[in-house]
Amino acid sequence: MTLSAPPKIVEVEVVAAKPTEGDSKTIALLNAQSSKSLPQVTYIVKIRLASVPPVTSRGWALYVNDFRIPNYWEYERGIYFKVFDPEFFADHKGQRFRFTQDDSEFVDTGKRLPEPTSRPARRKAEAGGLPLQSEILK
């Protein structure tokens, strides 16, 4: 089986954003399922690509080390995924992004998961000062 060339990551940025209505419901569900009290913050992990690969029947799965990112979406300059639990960044601090098309052959991108750029996100969220996701993904 011939694999297509993997996407080339140019830059990775993590930005705290105001949750969408759907994100707020997800956060409420996660809070109900655990003993945590997650802040009303959605962390957007923006992965800028050299070029967005064409849509094919065999897409690329995205991993942070051995953790598969279950969902990611496209934006104008690349892809992004959402994180609701800030502990994710502690658990995966500095780990490498990898792509695979077959779950056996992995391509190390050379890029690592950074920490969120907005450290006091909980306080900003409580004050209503977080940017909208639409602003971040421009």
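Please give the contour-minus-distance gain from Phe106 to Thr20: 0.36 nm per residue of separation, less the Cα-Cα distance, rounded to one decimal in nm.
Extra length available between Phe106 and Thr20 comes to 27.7 nm.
In debye to the nearest 20, how big a dipole does segment 9-133 give about its Cα centre with +1 on each Lys and Arg Cβ and -1 on each Asp and Glu Cβ?
The dipole magnitude comes to about 380 debye.
What is the distance in Å between the Cα centroid of segment 79-95 and that of segment 3-52?
Spelled out, the Cα-based centre of one part sits 8 Å from the other.
Round to the nearest 0.05 the FRET efficiency obtained for Leu29 and Ser134 when R0 = 22 Å and r is the Cβ-Cβ distance.
Plugging the Cβ-Cβ distance into 1/(1 + (r/R0)^6) gives 0.45.
How about Lys18: which aspartates and glutamates have a C-alpha closer than 15 Å to its C-alpha, ignoring those fewer than 8 places off in the same chain?
Excluding near neighbours in sequence, the set is Asp85, Glu126, Glu135.
Every number here is computed from the coordinates shown, using simple stated rules; none is lab data. Since the model is a prediction, treat every value here as computed from it, not as a measurement. Reconstructed Cβ throughout: ideal geometry from the backbone, glycine too, with neighbour counts over all protein chains shown.
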